[in-house]
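Bear in mind that the values in this text are calculations on the coordinates, not laboratory data. Keep in mind that what you see is a predicted model, and the values were worked out from it rather than measured. No Cβ is skipped: glycine too gets one built from the backbone with ideal geometry, and neighbour counts run over all protein chains shown.
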Amino acid sequence: MAVRSFQARLLYLLIAILVLLDAGTLISVYFAGQRTLRNTVTEQLRVGSRVLNRILDTRARQLSDSLRVLALDFAFREAVASADVPTITSVLANHGSRIAADAVVLVQLDGIVTADTLGGRLSRKPFPFAGLLRDAQNRGEASATVSFANRPYQFVIVPVLAPRPIAWVCAGFEIDDRVLTDVRRLTSLDISIWSGSAGSPLAPDESKYATLFEPLPTGDGSRVNALLARDLEEAQKPFRKLELQIFALSTIVLIVAVFAAVIFARSVSQPLRVLAEGAGRVERGDYVTPIVVQQEDEIGHLATAFNQMQSAIATREDEIRYQATHDALTGLPNRTLFLDRLSYAIAGAKRNVGSPVGPSVGMIMMDVDRFKEINDTLGHQVGDQLLIDIGRRLEHTLRQSDTVARLGGDEFAVMFTAPTFKHAEDVAARIVGAFDAPIILGDVSIDVNASLGIALYPAHADDAGTLMRHADIAMYDAKREHSGIAVYEPGRDEHTLRRLSLIMDLRQAITRDELELYFQPKADVESERVVHAEALVRWNHPRHGVMRPDEFIPLAEQSGKIGLITKWVIRKAIAQCAEWRRDGLDLTIAVNLSALDLFDSELPIFISGLLTEARLPPASLVLEITESAVMKDAAFAQKMLADLKRRGVCLAIDDFGTGYSSLAHLKRLPVDELKIDKSFVLNLSESAADDLVIVRSTIELGHNMGLVVIAEGVETAESWAILKRLGCDMAQGYFMTKPLPAEAFKAWLRASSWGN
Amino acid sequence: MKVTVRLIAAVLAAAIATPLAAATIEARVTDPRGNPVRDAVVYAIPDGRPLPLAKKSAVMDQKNRMFIPHVLPVQVGTAVRFPNSDDIRHQVYSFSPAKTFQLPLYAGTPATPLVFDKAGVVVLGCNIHDQMSAFIIVVDTPYFDKTAADGRASLGGLESGRYTLHVWYPDMRTEPQPQNVTLKSDERMTVSFVGHGRS
């Protein structure tokens, strides 16, 4: 469309210019013609006037000559000399007719008319044209145009010589049609001459004639007028013809020019259209078909440039597509490409329902354990190299047709055809086996442990997205259970979704002030007085209501938010402790640390800072660490705990009895307290022998190691009594009260017997 | 030459016939600018005295297509001959009232001279040569003369008595006022005329 409009515009422009040119030419020719016509007609009229005067002059001279010859005729002179009026009159008529005079008058030298051919009308009177006579007396002869008998006349007068002048003979000639015909013939003008002051007898139409009114010079002041008229229609004829020729020529030129313009416009727009089509092909992704323009001009260059651009775009698009679908570090397919291939494979499997291979696609989601630690301790360069090597090992482990992808961070994914669960598990086992040997990077040997989650189509999902999510869930299961490999368990999906949404919400929990501290008292068994308060965090979720730590702390740990929450709890707890102490409640505050907190090497400094700021003795804070957390990386945890201990903070082992910690290990930990897991205490009674044994042994063990022993989950007076009997140092549980918000805790403490 | 000789003879004869006691009029004719007028005829007509007709003769010659002399004063009754000294023919005519005539084409001298018996100016022309013209001034007195190039003319042999002096010349516009003079015996009178018109 744009091409067509360009062609049309070009065409219109050219035609407009040509039409303007033609119109301009025609208009200027017309006006020039009109001007020339006016000038020509004016000139013709002027010339006509001159011609008229010249003809009259010539005629006067000829008439003078004729009259002079006549006046020399001897018989004429003899008759004139005879002084006999009838004789003279007859000779005047006779000789006058020889020269076709209309009137002949003989005048005495003194100006009195002797005789005339007008029946004696002028005789014996002074000659009527005194000026003419005076002229003749001065110059020898004279002529003049006069009005005579209301008609225009030319009069000439010559002397009658004998041989001296003896009289004047005067002849009059009417200016008749013969004279006017001469003028008409010579000038192609219409002419009329009349005497007197009346209007012209010709009276031409002013619109059709150009006229010139010309009073003729007369000998006696009488009025003789000439009117010259030019027929404009006639005068315009040559101009009309010229205009018509130019118009015809212009039209022919215009038509030729329009044809030329069409051809030119097409020669420009046609290759442009080809270019536009070529550009359209490039837009649709056709980078192969070249643009063919057989021209050596700018458009030809443009076409060449288009073709070069086309191949450049193809190359760059390949690069971009590769970058878009591959991981820059390892060169493996990325999440996008993996999802793509997975979808493709599932679609293929759906089509091949009856094939011998079976309609099954398997995938494994793999996460490298403790990769963050490796990165932090050995540096990113080592971390990156490790990821590259892991990718390489995965590729070597698997078949060519399988896909290995890096989804991001330390997360890898593998796709393969898996007719059975067994087959999938084999693949997983092979992967695990691939990392039996440590990866050597320079002089560092790294043991790689990974958690693998398996999910299969069609058993676990019907589409690629779901399959990936399920593999992810299975992987987290494997990680949590330290099992290395886990297969997706149907039904975990809902839980996972809720968990994911909670992870999202958790990000904003602190900023929205949705977290709140609850406190549970720990009482000295001997004195039955509350000495410690354990700070427990609650999440007032806007939709799910109050959530307990065991519901969201694991999520915080997974999503890396646990550090923030721990720090928030510690800050709040210390502030609360300081406040209570100002109110006279001398309590030691206990805070739970996550296993991950133990890897935050800045934590001890943070805690010291807070305590100093709150002017609390370090011993007024107890940090509770679960047994399993300590066991995760015993060496690091030990270093960390030692640091905290050095700063004077009390340390407690939480949930003791659930882990598998060796006593030797426990012995090395710089802890102050031991908290017996509530699972042993809840059902503690005189009749429950097993629990009783465990509790008693634990108390003894703790005391032997010099630790303060605390029992959790005390709910009954019976268990309280047993614990007292067994010598447990402190106890906590619903037997005293459930965890309470700070204000309620304070009120409860003030009111109950547990307070002091 | 022959004509000239005759003319001189005639003048001499007149002078001899004049009595010694005669008076003389010396006339001078000038134009208004004082230039002398040539060929002006000065003539004196005695008051109240009849004069006898002259039995004289004069000649108006035609030579080189010219009349010679251009102005010829004669007394009434003078016979003038018109010899043709050219080798072409002339046809002399006059339409003047003082003497209207024509001499048909001729060569040599016509047999009979023409007698001018009426005072007046006779304008002569040649019918075949338009440019030829001459004047014969016929005066009724024997006392006349023609001015020379210096504008002077002399009238001699006049008897004492009253005279009216006239002047005529060809191109004058109007005749100068005639002058009345009274001559005594032997008087030599000088008279001036101022003419109007071309000299």
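The table below lists the values:
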read-out: Principal-axis tilt of helix A:493-509 within chain A, Cα atoms, nearest 10 degrees; value: 80 degrees
read-out: Whole-angstrom gap from the stretch A:103-149 to the stretch A:62-82, using each part's C-alpha centre; value: 15 Å
read-out: Karplus-derived 3J(HN,Hα), 6.51/-1.76/1.60, for each residue of the stretch B:110-123, Hz, glycine and proline x; value: x, 5, 10, x, 9, 9, 9, 10, 9, 5, x, 9, 10, 8
read-out: Amide proton proximity set for A:SER222, modelled H, under 5 Å, gap of 5+; value: A:SER147
read-out: Value at 222 nm in deg cm²/dmol, rounded to 500, when DSSP H runs of n ≥ 4 in the protein assembly as shown each add -39,500 (n - 2.57); value: -14500 deg cm²/dmol
read-out: Relative contact order for the stretch B:77-131, counting Cα pairs under 8 Å that sit 6 or more residues apart, in percent; value: 45 percent
read-out: At most 13 other Cβ within 10 Å, DSSP loop - GluC sites (Glu not before Pro), the stretch A:653-756; value: A:GLU686
read-out: Other protein chain Cβ atoms within 10 Å, averaged over every residue that makes up A:159-166; value: 5
read-out: ³J(HN,Hα), Karplus 6.51/-1.76/1.60, whole Hz, each residue of the stretch A:64-70, x for Gly, Pro; value: 4, 4, 4, 5, 5, 4, 4
read-out: Among the listed pairs B:LYS55/B:LYS146; A:LYS632/A:LYS678; B:LYS63/B:LYS118; A:LYS522/A:LYS738, those beyond 23 Å (Cα-Cα); value: B:LYS63/B:LYS118
read-out: Normalised contact order of chain A, rounded percent, pairs of Cα under 8 Å and 6 or more residues apart; value: 7 percent
read-out: Integer Hz, Karplus 6.51/-1.76/1.60 couplings in order for the stretch A:281-293, x for Gly and Pro; value: 4, 4, 4, 7, x, 8, 9, 9, 5, x, 8, 10, 10
read-out: Footprinting exposure proxy for A:TYR344, A:TYR287 (fewest neighbouring C-beta atoms within 10 Å first); value: A:TYR344, A:TYR287
read-out: The protein assembly as shown - share of DSSP beta bridges that are antiparallel (%, nearest 5); value: 75 percent
read-out: Placed amide H near B:TYR143: partners under 5 Å, 5+ positions off or other chain; value: B:ALA44
read-out: Inter-centroid distance (Cα atoms) of the stretch A:272-297 relative to the stretch B:82-142, Å; value: 125 Å
read-out: Shielding score for B:131-137, defined as the mean number of other chain Cβ atoms within 10 Å; value: 1
read-out: Relative contact order computed over chain B (Cα-Cα under 8 Å; 6+ residues apart), in percent; value: 33 percent
read-out: Average beta-carbon neighbours from other chains, 10 Å sphere, peptide B:93-104; value: 3
